[in-house]
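The structure is given below, and queries will be raised subsequently.
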Amino acid sequence: PGPAAMYAGLQELGVANGEDLKETLTNCTEPLKAIEQFQTENGVLLPSLQSALPFLDLHGTPRLEFHQSVFDELREKLLERVSAIALEGKVEERYKKLEDLLEKSFSLVKMPSIQPVVMCVMKHLPKVPEKKLKLVMADKDLYKACAVEVKRQIWQDNQALFGDEVSPLLKQYILEKENILFSNDISFLQNFFSPSPKTRRQGEVVQKLTQMIGKNVKLYDMVLQFLRTLFLRTRNVHYCTLRAELLMSLHDLEVTDICNIDPCHKFTWCLDACIREKFVDNKRARELQGFLDGVKKGQEQVLGDLSMILCDPFAINTLALSTIRHLQDLVGQDTLPRESPDLLLLLRMLSLGQGAWDMIDSQVFKEPKMEADLITKFLPLLMSFVVDDHTFNVDQKLPSEEKGPIPYPSAIPEAFTKFLQENRIACEVGLYYILHITKQRNKNAFLRLLPALVETFSDLAFSDIFLHLLTGNLTLLGDEFALEEFCTSLFDGFFLTACSRKENVHRHVLRLLLHLHHKVAPAKLESLQKALEPTKQSGEAVKELYNQLTEKLELRKPSPAEVTETPSMELPLPTVPTPASR
């Protein structure tokens with residue numbers, strides 16, 4: 001800060017500053033006397049100190065150093081006192097004291113050495129006078145220097161300014177999510193859904209937003225409004241995750257001022273426990289159903305918020321995994337889907353979650369109607385696939401008759417493909433069933449159903465979350481990549497059908513090959529390398545991944561010298577004569 005800033009505001013308080021000294025010295029005949037007089041008038045007025053100061057001079061301690069240390073000490077004491085005043089006595093009295101102090105000291109707010117005291121006083125005032133807030137807001141440096149408690153008071157009446165503060169955090173959040181989905185570490189053990197809800201809430205963005213909101217209901221509402229608007233504008237479901245994480249982060253801190261008025265609080269809390277377990281058990285299912293059934297007439301708008309909470313990919317993942325588990329149990333119990341209330345509730349919640357965008361967009365707050373065919377035709381179809389697997393496995397174990405082994409059913413019922421194309425919930429559940437069989441290393445079932453994924457509802461089979469999970473699970477089928485038939489079905493039959501029109505699919509295939517290239521047959525690898533070459537339109541991420549893959553493949557190629565020297569392993573080994581027995 002320049003000299004003027006160092007003394008900002010002293011004159012208004014009648015305290016002499018550097019400018020006054022300069023003027024005195026310019027207009028006097030005896031400068032030394034003038035300096036002495038200035039020191040006496042403006043020094044620390046303690047009689048006992050006058051005799052001690054020459055003692056410091058003998059030790060070569062500059063007066064500036066002495067005054068600075070006294071000043072620092074006093075400032076610390078004052079800061080402690082301000083914090084103490086904020087906690088003692090009656091509420092009105094303590095705030096009256098602080099307001100008086102602010103009135104006296106505010107003119108020095110731009111003086112760097114005093115600024116911390118003024119900021120501390122404002123921080124402890126629940127309502128800083130409007131005039132002072134406006135002055136702080138108008139000055140960039142002051143605004144930057146003030147505590148979050150003061151900023152909250154500014155933000156709550158300045159949505160645009162608050163939006164400017166929140167916007168980079170939301171961008172960062174989305175970027176972090178996308179980086180996980182496209183991470184080069186592919187594993188079926190560690191994936192996008194591995195971190196627990198509590199761990200996720202410790203993330204930098206959630207913590208910063210939680211701190212910015214504090215206990216301020218108005219700011220919380222603003223953030224929710226931003227999230228709704230962005231979700232509508234982009235259809236990006238990660239905003240729904242943040243909506244739930246933010247509420248649960250405030251729940252962890254027991255911010256009852258907000259939790260008690262958010263109508264989704266208890267529902268989100270219960271769902272959060274299910275997400276932690278990756279399963280909706282019967283007890284929690286009843287609770288969740290109670291919340292949905294309890295939406296009263298005239299309060300239907302809450303469905304918009306509930307649907308956003310259910311649209312969070314972590315919620316969808318939990319509901320879909322639970323649905324697949326229920327279907328398997330029903331096969332064992334010889335029960336039809338329509339006879340299972342738990343299963344119907346899972347579908348109801350999936351349906352509400354998947355309908356979030358339409359509901360918020362149309363502002364028509366009613367639960368989407370469940371199509372009867374989903375329950376009476378599609379789910380039994382999935383169960384029949386489970387039965388096919390059981391039958392095939394039993395057949396394999398039976399002694400083979402003359403007619404030879406029974407082949408695995410290869411035809412896909414037309415109805416299955418049609419459901420995946422036309423019904424969003426069927427598509428979501430169908431995709432999770434395919435993830436399930438892949439995780440079980442069930443190659444036969446995977447190859448049978450894979451062709452149905454080329455055309456799905458709203459291209460869900462080419463969405464990042466599904467491809468992230470699929471590539472992870474495919475590592476379990478690593479050895480199959482050596483087989484021409486498997487690679488042709490997977491790459492030519494599925495991935496490559498969308499690579500040219502969908503950049504994200506291109507990225508996921510390259511991620512998979514970076515991980516499994518050593519398992520793929522060389523001829524197939526070569527044709528894939530050609531097919532996956534980036535075009536002029538390809539983004540940086542695709543080019544970068546492709547270069548990484550090319551480098552890896554170059555490293556694997558033996559040098560020409562090696563090729564000629566190494567005998568082919570196909571040659572029969574020379575027979576070694578056995579020593580004659582004696």
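The values are calculated or read from the model by the stated rules, or taken from the named source; none is laboratory data. Quantities reported herein were computed from a predicted structural model and do not represent experimental measurements. Here Cβ is always computed from backbone atoms with ideal geometry, including for glycine, and neighbour counts include all displayed protein chains. SASA here: full protein model, heavy atoms, side chains in, ligands and nucleic acids out. Shrake-Rupley method; radii C 1.70, N 1.55, O 1.52, S 1.80 Å.
Could you identify the single residue in LEU374, LEU382, LEU420 that is open to solvent by less than 30 Å² (accessible area, probe 1.4 Å), over 18 Å from VAL295 (Cβ atoms) and in contact with a Ser or Thr (Cβ under 7 Å, 6 or more places away or on another chain)?
Of LEU374, LEU382, LEU420, the one residue that is open to solvent by less than 30 Å² (accessible area, probe 1.4 Å), over 18 Å from VAL295 (Cβ atoms) and in contact with a Ser or Thr (Cβ under 7 Å, 6 or more places away or on another chain) is LEU420.
Quick check on my filter: what residues within the range 548-565 are in a helix (DSSP H, G or I), among the hydroxyl-bearing types (Ser, Thr, Tyr) and at pLDDT below 85?
THR564
Quick grid of which residues meet (1) assigned by the TED database to the domain that holds GLU544; (2) within 19 Å of HIS436 (Cα to Cα); (3) of a type outside the set (Gly, Ala, Ser):
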{"position": "PRO451", "(1), (2), (3)": "yes, yes, yes"}
{"position": "LEU469", "(1), (2), (3)": "yes, yes, yes"}
{"position": "LEU476", "(1), (2), (3)": "yes, yes, yes"}
{"position": "ASP479", "(1), (2), (3)": "yes, yes, yes"}
{"position": "ALA482", "(1), (2), (3)": "yes, no, no"}
{"position": "CYS487", "(1), (2), (3)": "yes, no, yes"}
{"position": "PHE494", "(1), (2), (3)": "yes, yes, yes"}
{"position": "SER500", "(1), (2), (3)": "yes, no, no"}
{"position": "VAL509", "(1), (2), (3)": "yes, no, yes"}
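Which of the residues spanning the range 162-210 are open to solvent by less than 50 Å² (accessible area, probe 1.4 Å), touching a Lys or Arg at 6+ places or on another chain (Cβ under 7 Å) and of a type outside the set (Phe, Trp, Tyr)?
LEU169, ILE186, SER196, PRO197
Among (1) modelled with pLDDT under 95; (2) assigned to a helix (DSSP H, G or I); (3) of a type in the set (Ser, Thr, Tyr), there is one condition TYR220 misses while meeting the rest; what is its number?
(1)
Only one of these conditions is not met by ARG348: (1) open to solvent by less than 40 Å² (accessible area, probe 1.4 Å); (2) in contact (Cβ under 8 Å) with a residue 12 or more places away in the chain. Which number is it?
The number of the failed condition is (1).
Within the range 223-252, can you find the residues that are closer than 14 Å to TYR173 by Cα and outside any helix (DSSP H, G or I)?
Those that are closer than 14 Å to TYR173 by Cα and outside any helix (DSSP H, G or I): ASN236, VAL237.
Name the residues in the range 503-547 that are assigned to a helix (DSSP H, G or I), polar (S, T, N, Q) and free of Cβ contacts under 8 Å to residues at least 40 places away in the same chain, would you?
SER527, GLN529, ASN547
Scan the range 188-217 and report the pairs whose first residue is under 21 Å from PRO126 (Cβ atoms) and among the small types (Gly, Ala, Ser) and whose second residue is open to solvent by 40 Å² or more (accessible area, probe 1.4 Å) and modelled with pLDDT under 95, with Cβ atoms within less than 8 Å and a gap of 6+ or a chain change.
Within 8 Å, the pairs are GLY214/GLU149; GLY214/ARG152.
Any residue at all in the range 358-371 that's part of a helix (DSSP H, G or I), out of contact with any strand residue (DSSP E or B) (no Cβ under 8 Å at 6 or more places or on another chain), surrounded by fewer than 18 Cβ atoms within 10 Å (Cβ to Cβ) and not acidic (Asp, Glu)?
yes
Could you list, in sequence order, all residues of the range 283-309 that are open to solvent by less than 10 Å² (accessible area, probe 1.4 Å) and without any contact (Cβ under 8 Å) to a residue 60 or more places away in the chain?
Matches in the range 283-309: LEU306, SER307.
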